[in-house]
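The values are calculated or read from the model by the stated rules, or taken from the named source; none is laboratory data. Since this is a predicted model, take the numbers as computed values, not measurements. Cβ coordinates were reconstructed from backbone atoms using ideal geometry, including for glycine residues, and neighbour counts include every protein chain displayed. Each accessible area value is taken on the protein alone, full model and side chains, heavy atoms only, with ligands, DNA and RNA left out. Shrake-Rupley method; radii C 1.70, N 1.55, O 1.52, S 1.80 Å.
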Amino acid sequence: MSQQLLSDLVVPESVIRETCGDPPLPAMGVVEHVWETDPIPDEDVEGRAFDAVQSLPFDDVPAGGSVAIGAGSRGIANLAAIVRGVVAGVRDLGYEPFVVPAMGSHGGATAEGQAEKLATLGVTEESVGCEIRSSMEVVQVGETPERGVPLHFDANAAAADALVPGNRGKPHTDYDGDVESGLSKMTVIGFGKQRGAKMAHDWAVDWSFRNMIPEITAQLLAELPIVGGVAIVEDQLDDTAIVEGVPPAGFLEREAELLETAYDIMPTIPFDDVDVLVIDRLGKDVSGQGIDTNVIGRRPFTINEPEPDSPSVKRIFVRGLTEKTKGNAMGVGSADFVHRDVLAGIDASKTLINAMTASTVRGVRLPPVVETDEAGLVAALSTVGVVDPGEARVLRITDTMRLQRVYASASLVEEARGREDLRVVEEPEAVAFDDGRFVAASPDSPS
């Protein structure tokens, strides 16, 4: 993005100061969630994936047949190890595996971009031990009986003798249903590539994802040689908690059960009412919407889908993008203010392609751009209504995936002292800036 455009769109800190004055900022401490987790040891994950795929019914697959393994664009823990385990399990059974990027329109809706997206997540031909066939070509494998909606599917995968989607099950950012983000969504939208994903999102405006995804999944299970899927569930720390083979029989029912587990252990911000939420970064590797809407309580302007009941967040200030999102700023429209680093990092074409495919174009509208962290915090605090600065409820998080530790204002720290699910790690201190940037490091950066 040109320096002139950056200059034209960025509001200087001096303008924010002239408008808002010099309000006192609340002191910030560190609060930590108290979570009990039981993750699969990293060294065991590949073996669990091997066992999971071998539990699926390959009886009708011809000897030496080809098996398409779906791998998506999400930032899934141990993704390369899981895919490598599935590949090894398929090969051990006597079949020829290959990996297909099953990610709809992500990666700029190009074959090269989707292969690159997998590579950023550690999935390469060298790391998983088999060919990656990346193409945007699709074939029509049927249509829905009542509405006549064409069902598009990755051409390479549709030509295989067997199919195995592999995906993490979690609450979806756009809707609530019996199945949300997981195996079924990958089967319908991920394998549908850009054309299938656009079709699904267009029809969801009237049909609703909660009804469409299960219905089309059931039809694809009947029409394609899907031998089952490898389901993943992560714990509150985004470590691998479950890797399980899900056969076609009971596919939707078991995915619904795993979704309930994912809901039970989904990390959230620790307070339901927040005046200002500072998010250090957004990205597709964090959430499909860049910012998980279940965490912030805001949906990306999805038609016919209600907002989550909680939390209530008055203002959101986003400071940057993740490296792995490769400029895709999907979800930036959920913010009220963004740092100039967000603007500088946006790949406008990639972001808009994703938004148009998902029919959530308002979710990529650019909020007001501020020059510094200090300007962003002052602007946000100055627009939350009549709030005593000493009582302002302010949180700062790394992203909506990493939530064990958060910076919390003094009033929230006091509230945390009375809760068994939280502990106060650091007492509140004045917020420090260096040339307008937060001095304190991100609260819960990945190791």
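Observations on the structure shown:
- Rolling a 1.4 angstrom probe over the protein heavy atoms with all chains in place gives the chain an accessible area of 39 Å² per residue.
- Summarising the label geometry, the points placed 7 Å from Cα in the beta-carbon direction at Ala218 and Lys324 lie 3.5 nm from one another.
- Exposed loop sites here are GluC sites (Glu not before Pro) assigned a DSSP state other than H, G, I, E or B and surrounded by at most 10 other beta carbons within 10 Å; excluding them, the longest clear run of the chain is 147-419.
- Between Asp51 and Glu126, the simple label model (points 7 Å from Cα in the Cβ direction) yields a spacing of 3.1 nm.
- Between Glu427 and Ala159, the contour length at 0.36 nm per residue exceeds the Cα-Cα span by 90.5 nm.
- Added length on full extension, which subtracts the Cα-Cα distance from 0.36 nm per residue, Glu18 to Ser135: 36.9 nm
- By DSSP, the beta bridges lying fully in the stretch 197-314 are antiparallel in about 75 percent of cases.
- For Ala63, the shell of other residues with beta-carbons less than 14 Å away shows a net charge of -4, using +1 for Lys and Arg and -1 for Asp and Glu.
- Links that overshoot a 27 Å alpha carbon limit, given the list Lys170/Lys326; Lys284/Lys314; Lys117/Lys198; Lys117/Lys185; Lys193/Lys314: Lys193/Lys314
- The chain: relative contact order as a whole-number percent, Cα under 8 Å and 6+ apart: 22 percent
- Beta bridge orientation in the chain: antiparallel %, DSSP, nearest 5: 45 percent
- Gly142 long-range amide H proximity, modeled H, under 5 Å: Leu151
- Seen from Thr325, the other residues with C-beta closer than 11 Å to its C-beta sum to a net charge of +2, counting Lys and Arg as +1 and Asp and Glu as -1.
- His172 - accessible surface, heavy atoms, 1.4 Å probe, Å² rounded to 10: 20 Å²
- A DSSP coil position with no more than 13 other Cβ atoms inside 10 Å describes the following chymotrypsin sites (Phe, Trp or Tyr not before Pro) in the stretch 1-101: Trp35.
- Prolate/oblate/rounded label for the stretch 205-264 (Cα gyration tensor, a/c 1.5): oblate
- Simple spin-label estimate for Asp44 and Ala440 in nanometres, 7 Å along Cα-Cβ: 3.7 nm
- Global form of the stretch 148-216, assessed from the alpha-carbon gyration tensor, a/c cut-off 1.5: oblate
- Shape class for the chain, computed from the alpha carbon gyration tensor (a ≥ b ≥ c): prolate, with a/c not under 1.5 and a/b above b/c.
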